1. Looking at the structure I just gave you, is residue 32 open to solvent by 30 Å² or more (accessible area, probe 1.4 Å), of a type outside the set (D, E, K, R), assigned to a helix (DSSP H, G or I) and without any contact (Cβ under 8 Å) to a residue 12 or more places away in the chain?
2. Has segment 128-136 got at least one residue that is under 19 Å from residue 48 (Cβ atoms), at pLDDT 85 or above and out of contact with any strand residue (DSSP E or B) (no Cβ under 6 Å at 6 or more places or on another chain)?
3. Answer yes or no: is there a residue in segment 94-103 that is in contact with a Phe, Trp or Tyr (Cβ under 6 Å, 6 or more places away or on another chain), within 20 Å of residue 126 (Cβ to Cβ), open to solvent by less than 20 Å² (accessible area, probe 1.4 Å) and in a loop (DSSP other than H, G, I, E, B).
4. From 123, 144, 149, 129, grab the single residue that is outside any helix (DSSP H, G or I), of a type outside the set (Lys, Arg) and either touching a residue at least 40 places away in the same chain (Cβ under 8 Å) or open to solvent by 30 Å² or more (accessible area, probe 1.4 Å) (or both).
5. Please name all residue pairs, on different chains or six or more residues apart, with Cβ atoms under 6 Å, provided the first residue is in segment 90-105 and is closer than 11 Å to residue 15 by Cα and the second residue is open to solvent by 30 Å² or more (accessible area, probe 1.4 Å).
Amino acid sequence: MKKSTLILWTFIPILTGYLVNSLLRVPVLGEIFFYVLTVATTAFWFWMGRQFEKSTFKTIPAILIGNATGIISLLIYLWQFLLVTSENRNAFLAGFSQMYNASVPGYLFGGIARLFETEPNYVGTRTFVALNVICEIYMIIVFVIGMVVEKRISKETMENNNEETSHH
């Protein structure tokens, strides 16, 4: 697969996050899509890891390039919510920076993210920042697992082909 195509596909989680946020307004269907699309994005990201492993990218650049949209989204989020006052916050950048992680099953990590708050059962800035960081780490891990699985499959296929060739 072409490198340019792979790079374009790294924007899929942002588009999916936008779709998830848009559909949440639709009664019943919004909730269904919230769960289905976030799980589908995880499966897609695993598949993307496999595709990047098949590409000519070396491992570390593949991980960085493959996850660049998420890393950049996280950096914009941190900038807008930690370094800029709410009066000076850019609404477009603040909203856009959350689309990537809206495509991640963050509901799995809410309890962990709340542990960063100083008060029990309180959800504030620390929770949201922690959740965004955790979601990005989750996506990188899923991507790397996809790469590892592909590497093993390729290795086994190559070994099987070598065995068949040596028997002939």
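The values are calculated or read from the model by the stated rules, or taken from the named source; none is laboratory data. Remember, predicted model here, so these are calculated numbers, not experimental data. Glycine gets a Cβ as well: all are built from the backbone with ideal geometry, and neighbour counts include every protein chain shown. With ligands, DNA and RNA removed, areas are computed over all heavy atoms of the protein, side chains included. Shrake-Rupley method; radii C 1.70, N 1.55, O 1.52, S 1.80 Å.
1. Taking the combined requirement at face value, the residue satisfies it.
2. Our first condition is that a residue be under 19 Å from residue 48 (Cβ atoms); within segment 128-136, this holds for 135-136.
Now drop any that are not at pLDDT 85 or above, which leaves 135-136.
So of that shortlist, the ones also out of contact with any strand residue (DSSP E or B) (no Cβ under 6 Å at 6 or more places or on another chain) come out as 135-136.
Within segment 128-136, one or more residues are under 19 Å from residue 48 (Cβ atoms), at pLDDT 85 or above and out of contact with any strand residue (DSSP E or B) (no Cβ under 6 Å at 6 or more places or on another chain).
3. Of the residues in segment 94-103, the ones in contact with a Phe, Trp or Tyr (Cβ under 6 Å, 6 or more places away or on another chain) are 97, 99.
Then drop every residue that is not within 20 Å of residue 126 (Cβ to Cβ), which leaves 97.
Subset that is open to solvent by less than 20 Å² (accessible area, probe 1.4 Å): 97.
Next, only the ones that are in a loop (DSSP other than H, G, I, E, B) stay: 97.
Within segment 94-103 (the criterion being in contact with a Phe, Trp or Tyr (Cβ under 6 Å, 6 or more places away or on another chain), within 20 Å of residue 126 (Cβ to Cβ), open to solvent by less than 20 Å² (accessible area, probe 1.4 Å) and in a loop (DSSP other than H, G, I, E, B)), the answer is yes, since at least one residue qualifies.
4. On the way: 144 fails: outside any helix (DSSP H, G or I); 149 fails: outside any helix (DSSP H, G or I); 129 fails: outside any helix (DSSP H, G or I).
123 is the lone residue from the list that is outside any helix (DSSP H, G or I), of a type outside the set (Lys, Arg) and either touching a residue at least 40 places away in the same chain (Cβ under 8 Å) or open to solvent by 30 Å² or more (accessible area, probe 1.4 Å) (or both).
5. So the pair list comes out as 99/18; 102/21.
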